[in-house]
Structures are given as structure tokens and as C-alpha cells.
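Since the structure comes first, as C-alpha cells, the remarks are kept for the end.
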Amino acid sequence: MEEPDRKQITEDIIAKMASNRSQRRAAAKALRGPSDTHLHQILIDEFLSKYPFLQSGKKVLAAYLARQVGWEEVEDLLRTSLRDIVGFSEWLVANWRHGQAFVGNLRDRNGHFQNALINIYTKMRDLFEHTKLSQEEATRLIKETYSRQRKQFLDGFAATNSPKILGKEALAPLAYEHTPSLFAAMHFLMDVAYLSTLPKDPRNPRKHAGSDFADAMHVLFLPKVDIFRADQFSCSVLRKIELSGTMVLCPSLQELPALIREVAKERAVINA
């Protein structure tokens, strides 16, 4: 998120407050004067009415308006507030204009990934039609190549993305004990891609709804939950990933109520 243009905001406020030149001059003089905590509170209340999941950050917003902290403090507040999944989800629904943009952004990412899957699937089909390798030899070669590339990807993920996210390079590989959510999601995406390259019974991405990237975003929560509900295909992929923890995969919606009752009963015994 880019820092708001204070000058433009001030001009908009003046335009709303003043109806003639004299009033505009008076308003501009007031806004250029000493920090007005009452005006700040009005702006904060208006901001929080639109973004209620930021309620915990009133002090940061007030400090920013008073020029006591920079925009980076507000960005940190946004990142922290987005961890309130329930509050953020409720806000998305209540402010669906923003919600549509958020969901659309996720779907755009899925489109890129789905196109990549279709591309690799098509190229592998063409390769198998012209290769002299047997099906068994091709499968073994692809598995070896996939294992090597998966390790390279996981080892280099932090180094590739950390400069854009953290502003500095990080060299640690993705590992379940350190970054369980990212490890699970990236592993899932790579396994889905691998299944589209096999010579026998490959997963044809054209026949699916194109939700693989969105499914991977859900997999981010896998290490944090007791029960993970997903379709049968996603569960079959996740079962092959070596993940520690007590989470239970639920491929059937009908099984979900019984699993929830079972987990609740176990918690009651532990807390008794």
C-alpha cells in the first residue's frame, strides 16, 4: 500500500468544508497550523469505520497523522491486523467493492499458475510422443528431475523473495520446522505440477476448475489447524508430504461434523 498523498487529502477536506474562497483560505490555514488532535481523531474514526480490523492500531494512526512515525509503521500495523482472519473476512464481505478486488487478485495469481500447468502438461505430452524412452524410464527420469528441482526451489525460495518482502536477502531454505505454512503450500504447488508431467495418467489441468493456487493459499493454514477440509485430490497430494503435527485431513464434508466432535471431546479431556 502506498502512502496517502497528504496534500491531496487536505485539498479534498477543504473542498468539502468550504463553499467560498474565504472559507477555503481559513480551512487551509487551520490545516497548515499546529497539529489538531481533534481533527486527527475525526480522521481516525473515519478510517476505522472503513477498515474496522485496524481497531488495535489507533495509537499508530494518531502518531502517523501527528508526523511522529513514518508510513512504514502504518504498513506494519496493516500486516499485523491482517492476521485477524475473522475480522478481515467480515470486513471484506461488508465492503465488497474492496473484497472483489482482493478475491480477483487471488484469482489472477491462479490464472498465471494454471496457464503454467497447461503449458508444462502440453509440452510433456508432445515430448512423450516423440521420445524413445519407455514409460517406466520416462517416469523414473521425471521423478529424479522433480526431486532435484524441488530441493533447489525450496533452498532458493527465501533468497529469491526476501529482498522484495524484507528488503534484504535471506539464505535459509524453506523447512517445515521453521516455516511450516510456506513449506506446505509451496510443496503442494510443486507436487500438483509434478502430477501434470507424468507419462501415465497425468493430471490434465484443462479438466479442472483452475483452483490450484487458491487451494495452496488454503494449505497455508494446514499446520495451524486440527482439521483440514479439502477435496479428495488435495488430500491425496497432502498425504504424501512429510508434515509433522496432529492435523487430520478431511476429504469428505460428511465426515467433518464427527471429526469436529472428536477433536472437541479430546480438548475437553485435556482441559479437564
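Values in this text are rule-based calculations from the coordinates and carry no lab data. Just so you know, these numbers come straight off a predicted model, no measurement behind them. Quick reminder, even Gly has a Cβ in these numbers, built from the backbone with ideal geometry, and neighbours come from all protein chains shown.
For the reader, a short list of remarks on this structure follows.
- Dipole of the stretch 105-271, positive direction: furthest Cα of 232, 115, 185, with charges on the beta-carbon: 115
- Amide H contacts of residue 248 (H built 1.01 Å from N, in plane; Pro and chain starts excluded): 227, 228 sit under 5 Å, all sequence-distant by 5 or more or on other chains.
- Most mobile listed residue (62, 175, 193) in the chain, GNM with C-alpha springs under 10 Å: 62
- Computed extension gain for residue 25 through residue 96, at 0.36 nm per residue and net of the alpha carbon distance, reaches 21.8 nm.
- Inter-probe distance in nm under a simple model that places probes 7 Å from Cα toward Cβ, at residue 246 and residue 160: 3.6 nm
- Stretch gain in nm, segment residue 150-residue 132, where the contour uses 0.36 nm per residue and the Cα spacing is subtracted: 3.9 nm
- Nearest 10 degrees, 0 to 90: helix 6-17 Cα axis against the chain principal axis: 50 degrees
- The stretch 213-272: proportion of alpha-carbon pairs further apart than 15 angstrom, %: 53 percent
- Of 207, 16, 58, the one that fluctuates the most in a GNM where the chain has Cα springs shorter than 10 Å: 16
- Across all C-alpha atoms in the stretch 179-261, the radius of gyration and Dmax reach 13.1, 43 Å.
- Calculated FRET value between residue 139 and residue 233, using beta carbons and R₀ = 25 Å, to 0.05: 0.80
- Rounded to the nearest 20, the size of the Cβ-charge dipole of the chain about its Cα centre is 600 debye, with Lys and Arg at +1 and Asp and Glu at -1.
- Residue among 98, 40, 218 with the largest mean-square fluctuation in a Gaussian network model of the chain, springs linking Cα atoms under 10 Å: 40
- If you wrap the tightest convex hull around every Cα atom of the chain and split its volume per residue, you get 205 Å³.
- Take every Cα pair under 8 Å whose residues are at least 6 apart in sequence, average their separation, divide by the length of the chain, and the relative contact order is 13 percent.
- Positive-end ranking of 37, 173, 241 along the dipole of the chain, with charges on Cβ about the Cα centre, is headed by 37.
- Listed pairs 58/265; 164/240; 151/200; 168/224; 164/207; 143/207 exceeding 29 Å between Cα atoms: 58/265; 164/240; 164/207
- Förster radius 25 Å - calculated FRET efficiency between residue 80 and residue 41, Cβ distance, rounded to 0.05: 0.70
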